[in-house]
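Input: a single structure, listed below in C-alpha cells.
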C-alpha cells in the first residue's frame, strides 16, 4: 500500500514537471513568463554552482534559525510564566488576543527605519510572527495538565520548580513541539518576506534582484529552492516532533487556534 | 418479505482471503421479529451489511419482496450499534430524524408529522431541539430508532443496537423495540450477541455458527406475545430456551452442532406465520 | 495553577472586566508616559500619533486606500476558499487522486507565499488582478490541504448511515462530508486569513498606487513618522477586527463541534 502510494506520488510529480515543460513549449503559456521545467533546472544548476547563492542561502537560514530560537525561548518562558503565576493568565488574555492577530508585516516600515537591511530587521519580523505560535501552544499545554497529577505532586511536597519540571513540562511538551513546528514554518515565510521586501541579504533579496533584472528562469529556480527549504523544514520538524514524543502515550492532535 | 439465499461473503485484500460468511439461507416473514445470535466474530455484521445493501455478497442473493437487493433499498432502515457515530453531531435531534425524509422528497408538513410522531414513540418529544451529544447514550440510540421509524421502512435492521448502553437502559430499550414492533407491525431483523436479549425479543432466533458462518439452527420462541422484563425472564420456558441457545452457541464455537435438544424445542421449524 | 475567578454576581463581572482592561490600560499608559517627551524621530510621543490618526485616516483615505485593500483581500480570500474547498473535496474523496497529488501539493504549500508576488507580477502585471491572484495563490494551500484531511476522515459509520438512508450525491456532500470536515476546513481558513493579510500588505508594498501597504511605505519613505505609526496601528486594528469576525463566524458554524469536544473532554 505504501509502495503503491509512493509510486503514484512520484507519477504525480513527474506529470507536474512534464506539464511544466510541455505547456510553454506548446505555446499554451508564454515562455518568457513561464519557462519550461528544463530551463528552470538549468538555472537551478547554475545557481548551485554560484558561491553567492550559498551565501544567500546561509543568510536566510541564519535569520530563520536565530529568529526561531529567540521566539521559541521567549514563547516557552512567557507561556510557562503566564500559566503558573496566579491571575496572570486572566490579566494577559485580552492583550494577547489583541496583539496576536496583528500582521507582522505591519512592522516592516518600522524595521526599515530602525535597522535598514540589517539582520535585525529580519529578526524583528520573524520573532514577532513566530512568538505567538509558541506562546499559544505552551499555554494550551499547561492548561492540559491533569489536576490529579498536580494534586499528587503537591501532596508529596514537590516545590514549584520540581512540579514544573516533572508534571507541567512533560504534559506541555507535545504542545510545545507543535508550536515549534508551526513557528518554524511561519519563521521561514517571514524571513524570506523581509529579504524580499526590505532587501536584507538572503534568498528573498536574490529573488527580488532576479525579478528586476528580468532573469525569469533564475527567479523560478530560487522560488523552487525556497519551496524545497520549506518542505525540508516541514518534514524535519515533523520528524523531530515524532521522535521527541515517541515515549509519550498519546501524540496529541494540533490545537486549532 | 426478506429472503436470504446462499449468501457468501469473502473479503480479499493484500494477499489474504477471509471467508466471513460461507452459506446462509433464511427467510423473515412480513411483520416478524427475528433475532440473529452467534458467537462474537461470526460475521453477523457482515451479514447485516449484505442484507442492508451496504456490501455486495460474493455469492448468493438477498431479496426483499422478491426484489433483489443491489444497493441500500429505499424501504429499509438500519440502526447501528455506534449511536454516537451514526447520528450527525452537527444536526439537532429533529434535523437528524428529518434528513432522510427530505431525501425521500416528502412535503414539509408530512415530514413534520412523521418526525413528531417518531420522537413521541420513543419518548423524546422534548429533546427535539437538542444536539445528540447533549443526550445520554440510551437517548441517542432512541433518536436513531426514531429516525428509522420516521423513515417508515418495511424492514428494520438493527445491528447490536444496545451493546454499548448500560444494563438498565438496555432493558428499557428492549421493551421499546418490542412495543414498537407490536404497535406498528414492522419486520425487524435484530442482530445481537446477547442470548437473553435474543430470546426475550425474538419471535424466532437464528443461531449462527462461528466463522465461516452458516445457520446453525432456527429456533421458534414460543413465549407469550406479552412479555415484560420482570416475569418473562424468570419464566421456566425462558430459561429452557436460553439454555438451548447457549448450548448451541458453545457448540458453534467448538465447531460442531449439538444433537441433544431440550425437550419440546421445535427446532428447524419453518416460520408459522 | 489556574487563578480561579469568582463567577456570577456584580463583583464577578466587575472583576472580569478589570482583568480584561487592566493590562492594556497599563501598557497604553506606559507607552504614553515613556514617549511623552520623546524627541527621537522614530519614536514619536503616543499623543502625537493619536492626534495624527484622525487627520491621516480621513474619509477619503478610507475610501481610496483602506477600502480597495479590504476588497482585494475579500475577493482573493473568497476565491481561495471556494477553490480550496472544492479541489480539496475532490482530492480527499478519491484515495488514488490523493496519492498522486500529495507530493506536489506538499511542495506547493511549502513555498513561502510572498515569493509568489514577483512570479505573479510577470503574468498579471501590477493591477488588482495581480494582487488578488497573489492572495489566492497563497491562501488556497492551507484551505485545500486541510479540506483533504477533513474529507478523508469522514467517519465510516456516518458514511454507512447516510448510504443506507439514501443520502447520496449532493445531499451527502452538503449534509455529511462538508459538515464533518468543517472543523478542519476552518483550521485551514484561519491559517489562510493571516497569510492573506500578509500578502495583501506585501503585494501593495511591491507595486501599487493605492492601498494600506502602499500608503504606509509612502509615509516611511517620506519620513512622515507619526503618519507611518498610525498606519501600523490601523493595520494592527484591521488584523484584530478580521480575527474577531472570523471567530464570530466560526462560533456560529462550529458551535456543535466545540460543544461535542467539551462533552467528550469532560467524560474522558
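Each value in this text was obtained by applying a stated rule to the coordinates, not by laboratory testing. The structure presented is a predicted model; accordingly, all values stated were derived computationally and were not measured. Ideal geometry is used to build each Cβ from the backbone, glycine not excepted, and the neighbour counts take in all protein chains shown.
What length, rounded to one decimal in nm, is gained on full extension from residue C:10 through to residue C:60, with 0.36 nm per residue of separation minus their alpha-carbon distance? Let's see the in-between values first.
Numbers: separation 50, 0.36 × 50 = 18.00 nm, distance 4.38 nm.
Contour length minus the Cα-Cα distance gives 13.6 nm.
How much length, in nm to one decimal, is gained on full extension between residue A:152 and residue A:96, taken as 0.36 nm per residue of separation minus their Cα-Cα distance? List each step's numbers first, then the result.
Numbers: separation 56, 0.36 × 56 = 20.16 nm, distance 3.15 nm.
Extending this stretch completely gives an extra 17.0 nm.
If packing is taken as the average count of other Cβ atoms within 10 Å, what order do C:169-180, C:186-197 fall into, highest mean first?
By packing density, highest mean first, the sequence is C:186-197, C:169-180.
For a protection proxy built on the mean count of beta-carbon atoms within 10 angstrom, sort A:73-79, B:148-154 highest first, please. Intermediate results must be reported in sequence, preceding the final value.
Working: A:73-79: 18.1, B:148-154: 22.0.
Put in order of decreasing packing, that is B:148-154, A:73-79.
Rounded to whole Å, give me the distance from the Cα center of region C:60-132 to that of region A:1-37.
If you average the Cα positions of each part, the centres end up 20 Å apart.
Return one number: the angle in degrees, 0 to 90 and rounded to the nearest 10, between the long axis of the Cα atoms of helix B:137-150 and the longest principal axis of the Cα atoms of chain B.
80 degrees
Per the helix-only calculation at 222 nm, which mean residue ellipticity applies to chain C, given -39500 (n - 2.57) for every DSSP H run of n ≥ 4 and division by its residues, nearest 500 deg cm²/dmol?
Working: 12 runs with 209 residues, N = 268.
Rounded to the nearest 500, it is -26500 deg cm²/dmol.
Using the scaling law 2.2 N^0.38 Å as the reference, what is the normalised Cα Rg of region C:40-169? Walk me through the intermediate numbers first.
On the way: Rg = 21.8 Å, N = 130, 2.2 N^0.38 = 14.0 Å.
That ratio works out to 1.56.
From Cα pairs below 8 angstrom and at least 6 apart in sequence, can you work out the relative contact order of region B:11-151, rounded to a whole percent?
Values: 130 pairs, mean separation 29.4, N = 141.
21 percent.
Which values, in whole Å and largest first, are the semi-axes of the equivalent ellipsoid of the protein assembly as shown obtained as the square root of 5 times each eigenvalue of the Cα gyration tensor? Please list the in-between numbers first.
Working: eigenvalues 748, 207, 122 Å².
Sorted largest first and rounded, they come to 61, 32, 25 Å.
Highest GNM mean-square fluctuation, chain B, Cα pairs closer than 10 Å: which of B:144, B:235, B:251?
The residue with the greatest mean-square fluctuation here is B:235.
Which peptide among B:221-229, B:238-246 comes first, and what is the full order, when sorted by highest mean count of other Cβ atoms within 10 Å? Before the final figure, lay out each step's value.
Working: B:221-229: 13.4, B:238-246: 18.6.
In decreasing order of mean packing, B:221-229, B:238-246 become B:238-246, B:221-229.
Could you work out the mean projected area of the convex hull around the alpha carbons of region A:30-244, in square nanometres to one decimal? It would help to have the intermediate numbers written out before the result.
Numbers: hull surface 57.9 nm².
Mean orientational projected area (region A:30-244, Cα hull): 14.5 nm².
Could you grab the relative contact order for chain A? Cα pairs under 8 Å, six or more apart, rounded to a whole percent.
Working: 275 pairs, mean separation 60.4, N = 257.
24 percent.
I need the fraction of alpha carbon pairs in region A:51-167 separated by more than 20 Å, rounded to a whole percent. Intermediate results must be reported in sequence, preceding the final value.
Details: 3734 of 6786 pairs.
Summing the P(r) of region A:51-167 above 20 Å gives 55 percent of all pairs.
Which number comes out as Rg/Rh for region B:1-75 once both Rg and the Kirkwood Rh are worked out on C-alpha atoms? Don't skip to the end; give the middle numbers.
Values: Rg = 12.6 Å, Rh = 12.9 Å.
Expressed as Rg/Rh, it is 0.98.
Find the eigenvalues of the gyration tensor of the Cα atoms of region C:59-253, then list the square roots of 5 times those eigenvalues as equivalent ellipsoid semi-axes, largest first, in whole angstrom.
The answer is 37, 18, 12 Å, longest axis first.
Test of understanding: express the Cα radius of gyration of region B:86-142 as a ratio to 2.2 N^0.38 Å, with N the residue count.
Working it through for region B:86-142, the quotient is 1.06.
Return the tail of the calculated pair distribution for region A:187-229, meaning the percent of Cα-Cα pairs more than 17 Å apart.
On the way: 196 of 903 pairs.
In whole percent, the share of Cα-Cα pairs in region A:187-229 beyond 17 Å is 22.
I'd like the distance separating the alpha-carbon centroids of region A:195-216 and region C:184-254, in whole Å.
Region A:195-216 and region C:184-254 have Cα centres separated by 23 Å.
What's the angle, to the nearest 10 degrees (0 to 90), between helix B:167-184's Cα axis and the longest principal axis of chain B?
80 degrees
Using only the alpha carbons, work out the radius of gyration and Dmax of region A:126-257 in angstrom.
For region A:126-257, the Cα-based Rg and Dmax read 20.1, 70 Å.
Specify the angular offset, from 0 to 90 degrees and rounded to the nearest 10, of the alpha carbon long axis of helix B:236-254 from the longest principal axis of the alpha carbons in chain B.
70 degrees
Beyond 29 Å, how much of the Cα-Cα pair distribution for chain B remains, as a whole percent?
Numbers: 11949 of 37128 pairs.
Above the 29 Å cut-off, chain B has 32 percent of its Cα pairs.
Based on the alpha-carbon gyration tensor of region B:121-180, what equivalent-ellipsoid semi-axes (square roots of 5 times the eigenvalues) come out, in whole Å, largest first?
Details: eigenvalues 56, 49, 22 Å².
The three semi-axes for region B:121-180 are 17, 16, 10 Å.
Suppose a student asked you for the relative contact order of chain B, using Cα pairs under 8 Å spaced at least 6 residues apart; what percent would you report?
Numbers: 514 pairs, mean separation 67.0, N = 273.
Computed value for chain B: 25 percent relative contact order.
Can you grab the distance from the C-alpha centre of region B:52-72 to the C-alpha centre of region A:146-188, Å, no decimals?
Measuring centre to centre over Cα atoms gives 55 Å.
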